[in-house]
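Working notes for the structure below.
The values are calculated or read from the model by the stated rules, or taken from the named source; none is laboratory data. All values derive from a computational prediction rather than experimental measurement. Cβ coordinates were reconstructed from backbone atoms using ideal geometry, including for glycine residues, and neighbour counts include every protein chain displayed. Side chains included, ligands, DNA and RNA excluded: accessible areas come from the protein's heavy atoms. Shrake-Rupley method; radii C 1.70, N 1.55, O 1.52, S 1.80 Å.
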Amino acid sequence: MAVKVVDMEQTVLEPGGAEVPCCAPLMAAALPAVQAGELAKVFKALADPVRLRLLSLIASAAEGEVCVCDLSTAFDLTGPTISHHLRVLREAGLVDCERRGTWVYYWPRPAAIGRLSALLSTHRGEFDSFG
């Protein structure tokens, strides 16, 4: 994921080439209060071990997306509990989904994950890419 830096303001390049505004790394500049509040919601969503693992399973899916039926089998939790955790991830903007017949398929939102990556970077200068 490529990141462009202009006066400590960054943009994350989405797969389609669209630029999404991003923040300066924590090591380079303090977060404005509004941005800190927005990012806290995302980090709160990731602060739960089940949601962190769900995001990992979704982001690492070989096909780029995964059916909720496959996610449910990875946990010893009820369907409604898994659905709640997926809703929290979706509301935080980390994943998106689509219903296909009786199943729902989830995929990661690379721009949102890229913004977190850029924020947590220890680099202070230009960024070439994030892995």
### Failed criterion for Arg90 (all others in (1) exposed (fewer than 12 other Cβ atoms within 10 Å of the Cβ); (2) not in a loop (DSSP other than H, G, I, E, B) hold)
(1)
### Task
Given the conditions (1) open to solvent by 60 Å² or more (accessible area, probe 1.4 Å); (2) not in a helix (DSSP H, G or I), report the number of the one that Lys44 does not fulfil.
(2)
### Message
Tell me whether segment 70-81 contains one or more residues that are modelled with pLDDT of 95 or more, among the β-branched types (Val, Ile, Thr), open to solvent by 30 Å² or more (accessible area, probe 1.4 Å) and in a helix (DSSP H, G or I).
### Response
yes
### Failed item in (1) at pLDDT 70 or above; (2) of a type in the set (A, V, I, L, M, F, W, C); (3) farther than 30 Å from Thr81 by Cα, with Val20 passing the rest
(1)
